[in-house]
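The values are calculated or read from the model by the stated rules, or taken from the named source; none is laboratory data. Every value quoted in this text rests on a predicted model; they were computed, and no experiment measured them. Neighbour counts run over all protein chains shown; Cβ positions are idealised from the backbone, glycine included.
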Amino acid sequence: MSLYLEERIKCITEPKQKAQPKVYIRTFGCQMNEYDSEVVIGKLLQKGWALVHNPEEADIVLFNGCSVREHAEQRVWSNLESLKKLKQRKPKMLVGILGCIAQKHKERIWERFPFVNLVCGPANLSHLPEYIKELNEKEQVLAVDKQERDFKDFCLTFPAQKEGFKSKGYVVIMSGCNNFCSYCVVPYLRGRERSREIKEILEEVKELVRNGYTHITLLGQNVNSYKNNFVKLLEEVNKIEGVEKISFTTNHPKATSEELFRAMRDLPKVEKYLHLPFQSGSDRILKLMRRGYTRQEYLNLIRKLKEILPEVRLSTDVIVGFPTETEEDFLKTKQLMEEVRFDNAYIFKYSPRPGTEAERKLKDDVPLEVKKRRNQILLDLQKRIWREKCRR
Ligand code: 5AD
Ligand code: SF4
């Protein structure tokens, strides 16, 4: 058993010693954020911290937040607002804001929340214990200087161990994104695309297997762009004894190929499930989004996939209310969903993200009411499709 796992189990199950400092962490956002939180927990447990499940008990409260959509940010801000009262009652308790939201707002977080002690971006997370130490002498620490994640320093084996998902282990295979979709803030906050070496990834998977993790999820902003050949990586992970199931997320249609579909069919451990965001069914909007494919190209990809792997389960992301989206554009999105019949769809109302091309060049001109209506129509549609699929 790895030191990390032993420590983690001890921290969760054994009565806490009095002097042991306690951390509470809450994650808002995607699987990458969940993973980052696990790494943070791993780092702190190794330094003798204990994990608690209630901020009331904690010496430090950490919020690891997402910045991709405005709604995600709002959740962090409102939770931070509620934490203010606890901080007044427990002035010695430290508060840290981590992740994309920290990277984006930097020292501006203190204008609204002066009680926050630590602001730490995703590429700086591996040094978190040092920043906490600095808080012995300083009131506040800002750690957002790193642009790119240092894999060597960061991605040791820190298996994610969500309660109820004890067999699920996550491995980051690449980070950052080069796509610069016009609405998206990720390339600005997580930096350019970087891939880890296959050997390193396989070692980490084996370590997870040794620790009892049988379901491995390969994570990255765009795993298909993995520079050392994603299909080859899947083949190699598939060979590892003890691995029972392999999942991966997330994918971009531009970099998704028939070769991947065949690998999904032929490699028995690979889950027959693909998350393939299409974002909009209108070519005009796709172009404004800089997605790099047309509606027809997306549909061709899905047709090929269903030919090669008829039993595949599919999910997607959709944005409604992108600047200039007309009723006609929206109907094309709706028709695409009716045609593909996804098993699941995540539908988002467009929100301008500062610094992105769409925010700089396009007016957010679709009224909120219209966004809400379109959002609801697609939610209802997806619910209906899902019900019909279940019945069958
Ligand atoms: N507004 C709304 N949705 C967005 N997404 C990313 N940026 C924005 C934005 N500015 C959605 C996309 C992406 C998912 C993770 O979040 O659909 O696939
Ligand atoms: Fe954002 Fe596009 Fe990169 Fe996905 S592919 S993270 S939507 S820029």
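Screening the range 98-115 for residues that are hydrophobic (A, V, I, L, M, F, W, C) and either crowded, with 24+ Cβ neighbours inside 10 Å or out of contact with any helix residue (DSSP H, G or I) (no Cβ under 6 Å at 6 or more places or on another chain) (or both) and picking the one that is farthest from residue 187 (Cα to Cα) gives 110.
From the list 169, 191, the one residue that fits, being under 30 Å from residue 363 (Cβ atoms) and more than 16 Å from ligand 1 (Cβ to nearest atom), is 191. Taking (1) assigned to a helix (DSSP H, G or I); (2) free of Cβ contacts under 8 Å to residues at least 12 places away in the same chain; (3) over 18 Å from residue 59 (Cβ atoms) in turn, residue 125 satisfies each apart from (2). Restricting to the range 268-282, and then to whatever is surrounded by 16 or more Cβ atoms within 10 Å (Cβ to Cβ) and over 21 Å from the mean Cα position of the chain (by Cα), can you tell me which residue is farthest from ligand 2 (Cβ to nearest atom)? The selected residue is 269. What single numbered condition from (1) modelled with pLDDT under 95; (2) more than 16 Å from ligand 2 (Cβ to nearest atom); (3) under 19 Å from the mean Cα position of the chain (by Cα) fails to hold for residue 228? Tallying (1) modelled with pLDDT under 95; (2) more than 16 Å from ligand 2 (Cβ to nearest atom); (3) under 19 Å from the mean Cα position of the chain (by Cα), residue 228 fails exactly one: (3).
Here's the yes/no breakdown for (1) more than 24 Å from residue 385 (Cβ to Cβ); (2) touching a helix residue (DSSP H, G or I) at 6+ places or on another chain (Cβ under 8 Å):
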| position | (1), (2) |
| --- | --- |
| 317 | no, no |
| 328 | no, no |
| 333 | no, yes |
| 361 | yes, no |
| 369 | yes, no |
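Every test in (1) within 16 Å of ligand 2 (Cβ to nearest atom); (2) part of a helix (DSSP H, G or I) is passed by residue 299 save one, and that test is (1). Taking the condition of being more than 14 Å from residue 321 (Cα to Cα), outside any loop (DSSP other than H, G, I, E, B) and touching a residue at least 12 places away in the same chain (Cβ under 8 Å), how many residues in the range 339-360 meet it? Selection size over the range 339-360: 6. Going by the structure shown, is residue 184 in contact (Cβ under 8 Å) with a residue 40 or more places away in the chain, assigned to a loop (DSSP other than H, G, I, E, B) and within 24 Å of residue 273 (Cα to Cα)? In short, no. The strands (runs of 3 or more DSSP E) found entirely in the range 202-275 that carry 1 or more residues being of a type in the set (Gly, Ala, Ser) are 245-249.
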